[in-house]
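**Student:** Quick one: structure below, then a few questions.
The values are calculated or read from the model by the stated rules, or taken from the named source; none is laboratory data. These figures come from a predicted structure and were not determined experimentally. Here the Cβ positions follow ideal geometry from the backbone for every residue, glycine too, while neighbour counts run over all protein chains shown.
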Amino acid sequence: MKRFWIIPLFLGILTCSFAQGDYEAYRFSQTDYMGTARFLGAGGTFGTVGGDFSALSINPAAIGLYKRHEVSFTPTVVSFFKNNTLYHDNNSYTQNAKYTVPECGLVITTPIARDSEWKYWQFGFGYNRIMDYNNTFRAAGPTRSSFADPIVAQANGTHFNSLAGDALIAWNTWLIDTISGFDNLYDSPFSGANLDQTALVKQSGAIDEMSFTFGGNYNDKLYIGGSIGIPFLDYMERTILMETPTDVEDLQGITSYEVKTTQRDRGAGVNAKIGIIYQPANFVRLSASIQSPTYFWKIKDTYRREMKTHWNSLPSNIQEPDYQYSNDYRFSLTTPFRFNLGAAFLINKRGFISAEYEFNDHSMSTLYADDYDFTNENETVKQKYGIRHSVRLGGEVNLGEKFALRAGYNFKSSPYRDSKEWAEGYDGSAHYGSLGFGFHNKFLFVDFAYVLRFSKDSYNLYTPDATAQIKNTTHRIVGTIGCKF
């Protein structure tokens with residue numbers, strides 16, 4: 001058994017502790033389209049209607065509807081997040097707010113000779129936010145499943161002089177100790193104990209996609225477009241987990257301990273999109289588009305973990321043990337293809353009703369690295385995730401020459417192959433409802449939108465025994481300003 005006066009004064013050589021896994025492959029292949037207030041207010045259905053810069057992230061043929069130059073800027077998206085987390089039959093509530101700037105775009109149009117069936121060529125440049133990660137939630141409740149349990153399993157069979165990563169800092173903080181008479185078998189005073197467990201998870205960051213889009217208008221019937229997208233990924237997650245015994249004052253002198261984990265992923269990728277919009281009659285448009293897999297190269301993953309134990313009493317010359325380790329790693333990711341189909345009905349230039357469908361197979365996400373074989377993680381991706389269906393409905397009505405009202409609804413199905421395994425429908429599906437209005441004249445437009453998002457998902461803190469069910473409600477207020485010239 002260890003004694004206080006022989007606590008190691010060094011952390012030793014750490015083995016690679018991979019933060020990447022199947023959830024990262026899914027997390028970085030998600031989309032949650034943001035953009036202009038007009039786009040969001042009408043449910044994001046402009047991939048078929050066209051003429052909106054944010055729609056270029058879905059269908060680049062939307063640029064073909066432009067006949068004038070346009071600059072748009074969305075300086076205002078205020079998001080309010082509210083979460084109700086169920087963890088071991090205990091509810092916890094959190095709320096926070098975030099301000100973002102999700103869109104800025106420029107479209108240049110070039111008329112073609114009058115005797116040509118091709119009416120215009122267009123070029124667009126700017127960025128749209130295609131995924132927003134900002135969120136905060138708390139999970140708290142009584143449990144007999146300790147964070148120390150998987151660490152004990154990891155350490156067993158390894159001599160204490162060769163421990164690394166979580167096992168080493170748990171050893172140095174006395175969260176685990178050798179079983180009497182063995183130097184490679186371990187136990188923790190928290191294993192099997194009645195505990196109060198609390199975890200606070202703060203997520204931030206986004207994927208912002210810069211795009212270069214080219215398009216054309218053929219006889220006001222066929223609109224085509226293609227684009228190159230360069231998504232920039234920046235994601236951070238901070239977690240603080242604490243355990244305290246419930247029915248005793250301390251466990252072998254330890255009154256509680258906390259684990260702080262920070263993970264940040266940054267990188268850039270590239271993809272290509274092509275699309276068409278066909279207008280067989282004045283009152284209807286049909287659309288189709290496809291996006292290639294996005295290849296994120298050399299994502300930099302920075303991972304840091306700190307562990308500290310709190311004691312009932314310690315010798316005056318001994319401080320409460322506090323150890324940490326960090327690891328920097330680079331990996332690559334290929335996300336799935338994405339397909340979109342749509343139909344829109346135009347109402348005598350007074351408005352439109354539009355519907356779109358998006359198909360995405362998350363099992364096709366693949367992780368790579370030069371010095372690590374992600375075979376197990378990629379196999380888990382194929383077994384755990386499947387096809388996600390997204391449906392977008394929306395409409396706009398013009399009240400007079402300068403004022404328009406909009407409304408929309410989106411649904412995203414579960415991304416999990418077997419969603420029935422999640423309790424009470426916490427399967428990652430999501431619903432969106434939106435309302436919007438706008439003012440426009442020959443040169444200037446100002447649009448506003450409100451978006452309500454509701455989802456239920458599950459989050460694994462460290463093992464399946466520590467899974468929290470999260471009800472998330474997000475309110476977004478969006479404002480866009482732009483001009484045509």
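**Student:** Let me confirm something: among L444, L461, L435, L452, which residue is within 30 Å of I151 (Cα to Cα) and aliphatic (A, V, I, L, M)?
**Tutor:** One residue alone meets the criteria, L461.
**Student:** Please pick out the residue among Y278, Y329 that is in contact (Cβ under 8 Å) with a residue 60 or more places away in the chain and among the aromatic types (F, W, Y).
**Tutor:** None of the others qualify; the one that does is Y329.
**Student:** Here is a follow-up. Can you go through T45, T74, T94 and tell me which one is out of contact with any helix residue (DSSP H, G or I) (no Cβ under 8 Å at 6 or more places or on another chain), closer than 22 Å to E356 by Cβ and among the β-branched types (V, I, T)?
**Tutor:** Going through T45, T74, T94 in turn, the sole match is T45.
**Student:** Residues to consider are T467, T480, T463; find the one that is hydroxyl-bearing (S, T, Y) and modelled with pLDDT of 95 or more.
**Tutor:** Only one candidate qualifies: T480.
**Student:** Let me ask another. Which of the residues belonging to region 353-382 are assigned to a strand (DSSP E or B), under 17 Å from K412 (Cβ atoms) and in contact with a helix residue (DSSP H, G or I) (Cβ under 6 Å, 6 or more places away or on another chain)?
**Tutor:** E356
**Student:** State whether one or more residues within region 156-164 are of a type in the set (G, A, S), touching a Pro at 6+ places or on another chain (Cβ under 8 Å) and either crowded, with 17+ Cβ neighbours inside 10 Å or modelled with pLDDT under 95 (or both). Please lay out each step first, then the result.
**Tutor:** Looking only at region 156-164, we keep the residues that are of a type in the set (G, A, S), and these are 157, 162, 164.
Within this subset, residues satisfying the condition of being touching a Pro at 6+ places or on another chain (Cβ under 8 Å) are none.
Checking region 156-164: not a single residue is of a type in the set (G, A, S), touching a Pro at 6+ places or on another chain (Cβ under 8 Å) and either crowded, with 17+ Cβ neighbours inside 10 Å or modelled with pLDDT under 95 (or both).
**Student:** Turning to a different aspect of this structure: Give the residue that is modelled with the lowest pLDDT, with candidates limited to residues of region 296-339 that are outside any strand (DSSP E or B) and small (G, A, S).
**Tutor:** Per the stated criteria, the residue is S316.
**Student:** Exactly one condition in (1) within 23 Å of the chain's Cα centre (by Cα); (2) of a type in the set (S, T, N, Q); (3) over 30 Å from K221 (Cβ atoms) is false for S326; which is it?
**Tutor:** Result: S326 fails condition (1) only.
**Student:** Let me ask something else about it. Could you check, for region 353-366, whether at least one of its residues is of a type in the set (A, V, I, L, M, F, W, C) and surrounded by fewer than 17 Cβ atoms within 10 Å (Cβ to Cβ)? So that I can check it myself, show each step before the final result.
**Tutor:** Step one: filter region 353-366 for residues of a type in the set (A, V, I, L, M, F, W, C), giving 353, 355, 359, 364.
Restricting the remaining residues to those that are surrounded by fewer than 17 Cβ atoms within 10 Å (Cβ to Cβ) gives 359.
Yes - at least one qualifying residue is present in region 353-366.
**Student:** Also, I was wondering about something else. Among the residues of region 56-90, write down those that are in contact with a strand residue (DSSP E or B) (Cβ under 6 Å, 6 or more places away or on another chain) and under 30 Å from P142 (Cβ atoms).
**Tutor:** Hits for region 56-90 are F81, K82, N83, N84, T85, L86, Y87, H88, N90.
**Student:** Would you mind finding the one in D301, D250 that is in contact with an Asp or Glu (Cβ under 8 Å, 6 or more places away or on another chain) and in contact (Cβ under 8 Å) with a residue 12 or more places away in the chain?
**Tutor:** From the options D301, D250, the qualifying one is D301.
**Student:** While we're here: Filter region 371-417 down to the residues that are free of Cβ contacts under 8 Å to residues at least 12 places away in the same chain and either more than 24 Å from L444 (Cβ to Cβ) or among the aromatic types (F, W, Y) (or both) and list them by number.
**Tutor:** Selection gives D371, D373, T375, N376, E379.
**Student:** Something else now. Suppose we filter S79, S92 for residues that are over 21 Å from the mean Cα position of the chain (by Cα), buried (at least 19 other Cβ atoms within 10 Å of the Cβ) and in a strand (DSSP E or B); which single one remains?
**Tutor:** S92 is the lone residue from the list that is over 21 Å from the mean Cα position of the chain (by Cα), buried (at least 19 other Cβ atoms within 10 Å of the Cβ) and in a strand (DSSP E or B).
**Student:** Let me ask another. If only one of R144, R129 is at pLDDT 95 or above, at negative phi and not polar (S, T, N, Q), which one is it?
**Tutor:** Testing whether each residue is at pLDDT 95 or above, at negative phi and not polar (S, T, N, Q) leaves just R129.
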